[in-house]
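The values are calculated or read from the model by the stated rules, or taken from the named source; none is laboratory data. Quick caveat, the model's predicted, so the values are computed rather than measured. Quick reminder, even Gly has a Cβ in these numbers, built from the backbone with ideal geometry, and neighbours come from all protein chains shown.
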Amino acid sequence: MNEQSSRRRFLIAGLSLPAFGNVSSSSRQPAAAGSAPAASGLRYRNLGKTGLKVTSVGFGCMITSDPTVIERAADAGINYFDTARGYQGGNNERMVGAALKSKRKSVVVSSKSHASGKEEALRDLETSLRELGTDYLDIWHLHAKSRPEQLTEELMEAQRVAKQQGKIRFAGVSTHAGHAELIPAAVKTGHFDVILTSYNFSMDPLMEKLIADARQAGVGIVAMKVMAGGFRKVREADPLHPKLGREGAMLAMLKWVLKNSNVDTTIPSITDLDQLDENLRVMTEAFGAADQKLLAGHLERIRPLYCRMCGACEGACARGLPVSDIIRYVSYAEGYGQYQLGREGFLTIPAELRQASCASCVKCAVRCPNGVQVGERVARAHELFA
Amino acid sequence: MKRLRLIAGCLWLAASGPAAEFPSCGLVPGWIQKGPAREFVSDNLYDYINGNSEGYLIYGFQNMRGVTCVSGDRSIVFDVSELPDSESAYGLFTSNRDPREPLEKAGMGAQVLGQRAIFAKGSYFVEFAASPPDQDHRDALRAFLLAAEKLVEGTTALPDPVGWFPAEGLDHASIRLVPQSVLGLSMLKRGYVAQYEFGRAVIIQESSPELASALMGRLRQRFGQTEAASVAGESFTGSDKYLGRLVFFRKGAFIGGFVNVGEGQDLVASAAALAARIP
């Protein structure tokens, strides 16, 4: 495991390369001067108190293969682009930097570091800047934090140092899990300018309040995982495909996120120009009754699989299993494709509970009010993570 | 790793016993293996490469074997990935190399940087990552790369399409095999792209001329108003809000073209020059 981790670190450490196409930090400007709504069809929102005006739909670059899509998105006016030191083994930052080279002044670029210490984080930042071919990041996130204790003074100090040196404009933190504790804790520090959080229609309604409170405190909110884990991948064999696979169906979720005015921008993945077109269109389309229907259809699809974290099952398992946690970990792996996150979460459960098997119970005592097939999900967790 | 063989140059390794498998730290004197060897397949690559397994899988990744080598306080993570064919290995190489840095002459392509070295040969993609990150490890990385390259069987010839892009105005380092949505068009599943001073070129191979012709039809439909041109078997020019001035042609099972072509550039002449190089 150490070897595995070390390889990741090596790859993430990246390459010692000269910067190219650098843009002077002295010429930094807010990303766009427009205000909502713009005549172009683009919609801008203020990113918290940063002073940045960002398009309500941004671009999550993590899985994009051809930089043509990124270039054309910037041409079309999308002005928020998200990458990370670790994406595509470090190649993603290089591709994003090359694609946005001629537009650096007019776009907001965010990246992230998985580092756990100050020196490592600052090294990551230097590598990010070199790979992106810029001398500053607009937003630099601490990557994938899920517990308040991960927001260490050391990491925040790294962000402060980077700010003082003019290498980042704003400090951020990204979170896929543990929102209920992590988001208030991040706000309470008074340190973070931006929070990048998973947020979609299928999540606990508590998210609305968490986001509203953070936004009220002046923190910019960027939403990711807005498609609730691969809605675009509804297979043709899926009985719900005719309803969910047609044009527009995939975008209902994005519209749902955008109707929350506390969300400043979103970063859906975009891999082709058709998706770019759709996402651009979403900026001007309100969430309506048809979208609501589509989301209901999607819920039908994920109901047996997806824990909405209502807490009703707490303490209900005769073997003492933390059922909702386990189902959430499976969802990370299968819904969001965040296998590692799921497994890491699973491994936080005490060993004696992890080893407990549902097969030893004659009948499952847990009844999910939302229709999640608890026994099947727990068995799946063992298959995946044990 | 069925086709990986220890060949003549590593007889001394074979003499050291069954542990002397490939990849091996013994390739370079002074380095020893730390910890067990690693082996991953597509189902568990995520365990190892959190955040980039998709970057391998998209090129048809089959398996990976690796070791960690140490010498004093330095370590090198040495991994060998097997792809379905040499084109896929080259594709993975193009997505990992740094186009701003020079290539080395090894395999189909190789690159040695301060903390990382990579090469592709045959259906294998081989990578080395060195630590500590604040040191320059080029000498050790190059020694490993050159030793490993000798042991990997397979072609060192570049995939044919790489040589078909006309040289004039070409940014040679920009050539990539894109594994999905080439040019951002989901109908173009896989193909080579190259950046020119005046626009971006593409070469797509379909499995038959008929399928290529059908794809041409879909391209024409996508771009709406197009004009027939006289390049190769069939061709058209047009424009697109994202891809600007463009030209596509079909020659046998291949589709080629240019997009985002600058105003002063002759679309048809550019396409004809590319088509002339495709057999």
So which residues in the stretch B:76-85 are surrounded by fewer than 22 Cβ atoms within 10 Å (Cβ to Cβ) and not charged (D, E, K, R)?
B:V80, B:P84
Taking the conditions exactly as written (at pLDDT 90 or above and either away from every other protein chain (no Cβ under 14 Å) or in a loop (DSSP other than H, G, I, E, B) (or both)), does A:R45 satisfy them or not?
yes
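Yes/no per residue for (1) under 24 Å from A:G133 (Cα atoms); (2) out of contact with any strand residue (DSSP E or B) (no Cβ under 9 Å at 6 or more places or on another chain); (3) hydrophobic (A, V, I, L, M, F, W, C):
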{"residue": "A:V173", "(1), (2), (3)": "yes, no, yes"}
{"residue": "A:G178", "(1), (2), (3)": "no, yes, no"}
{"residue": "A:A185", "(1), (2), (3)": "no, yes, yes"}
{"residue": "A:K188", "(1), (2), (3)": "no, yes, no"}
{"residue": "A:L196", "(1), (2), (3)": "yes, no, yes"}
{"residue": "A:M203", "(1), (2), (3)": "no, yes, yes"}
Taking the stretch B:23-53 only, how many residues are among the charged types (D, E, K, R) and closer than 21 Å to A:E383 by Cα?
3
Under the condition of being surrounded by 18 or more Cβ atoms within 10 Å (Cβ to Cβ) and within 14 Å of chain B (Cβ to nearest Cβ), which residue from the stretch A:279-291 is nearest to the chain's Cα centre (by Cα)?
A:N279
Among A:S357, A:S331, which is among the polar types (S, T, N, Q), at pLDDT 70 or above, outside the structural domain of A:S202 (by TED's automatic domain parsing) and over 26 Å from B:L45 (Cβ atoms)?
A:S357
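Every residue, every condition in (1) in contact with a Pro (Cβ under 8 Å, 6 or more places away or on another chain); (2) within 14 Å of another protein chain (Cβ to nearest Cβ); (3) surrounded by 20 or more Cβ atoms within 10 Å (Cβ to Cβ), yes or no:
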site: A:V107; (1), (2), (3): no, no, yes
site: A:S113; (1), (2), (3): no, yes, yes
site: A:Q150; (1), (2), (3): no, no, no
site: A:G172; (1), (2), (3): no, no, yes
Given (1) more than 12 Å from chain B (Cβ to nearest Cβ); (2) at negative phi; (3) at pLDDT below 95; (4) not in a helix (DSSP H, G or I), number of the condition A:A19 does not satisfy
(1)
Some residue of the stretch B:42-63 being within 13 Å of another protein chain (Cβ to nearest Cβ) and at pLDDT 95 or above
no
Taking the stretch A:341-354 as the search range and keeping residues that are under 12 Å from A:A177 (Cβ atoms) and surrounded by fewer than 18 Cβ atoms within 10 Å (Cβ to Cβ), which one is modelled with the lowest pLDDT?
A:E344
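Yes or no, residue by residue, for (1) in a loop (DSSP other than H, G, I, E, B); (2) within 14 Å of chain B (Cβ to nearest Cβ); (3) surrounded by 15 or more Cβ atoms within 10 Å (Cβ to Cβ):
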{"residue": "A:N262", "(1), (2), (3)": "yes, no, yes"}
{"residue": "A:K293", "(1), (2), (3)": "no, no, no"}
{"residue": "A:R301", "(1), (2), (3)": "no, no, yes"}
{"residue": "A:L305", "(1), (2), (3)": "yes, no, yes"}
{"residue": "A:Y329", "(1), (2), (3)": "no, no, yes"}
Looking across the stretch A:46-66 at residues that are touching a Leu at 6+ places or on another chain (Cβ under 9 Å) and buried (at least 20 other Cβ atoms within 10 Å of the Cβ), the single one that is farthest from A:S110 (Cα to Cα) is A:D66
Scanning the stretch A:73-98 residue by residue, those more than 10 Å from chain B (Cβ to nearest Cβ) and surrounded by fewer than 22 Cβ atoms within 10 Å (Cβ to Cβ) turn out to be A:A74, A:G77
Taking into account only those residues within the stretch B:71-103 that are modelled with pLDDT under 95, charged (D, E, K, R) and in contact with a strand residue (DSSP E or B) (Cβ under 7 Å, 6 or more places away or on another chain), which is farthest from B:K121 (Cα to Cα)?
B:E101
Taking the stretch B:210-244, which residues are within 21 Å of B:Q195 (Cα to Cα) and more than 14 Å from chain A (Cβ to nearest Cβ)?
B:V231, B:S235, B:F236, B:T237, B:G238
Restricting the search to the stretch B:233-253, which residues are surrounded by fewer than 23 Cβ atoms within 10 Å (Cβ to Cβ) and among the hydrophobic types (A, V, I, L, M, F, W, C)?
B:F236, B:A253
Exactly one condition in (1) more than 14 Å from the chain's Cα centre (by Cα); (2) within 16 Å of A:W140 (Cα to Cα) is false for A:K209; which is it?
(2)
In the stretch B:24-60, anything assigned to a helix (DSSP H, G or I), touching a strand residue (DSSP E or B) at 6+ places or on another chain (Cβ under 6 Å) and without any contact (Cβ under 8 Å) to a residue 40 or more places away in the chain is listed as B:Y48
A:Q4 passes all but one of (1) within 14 Å of chain B (Cβ to nearest Cβ); (2) under 16 Å from A:L132 (Cα atoms); (3) at pLDDT below 75; (4) touching a Phe, Trp or Tyr at 6+ places or on another chain (Cβ under 6 Å); which number fails?
(2)
With the stretch A:77-164 as the region, which helices (runs of 4 or more DSSP H) entirely inside it contain at least 1 residues that are over 28 Å from B:Y56 (Cβ atoms)?
A:118-132, A:153-164
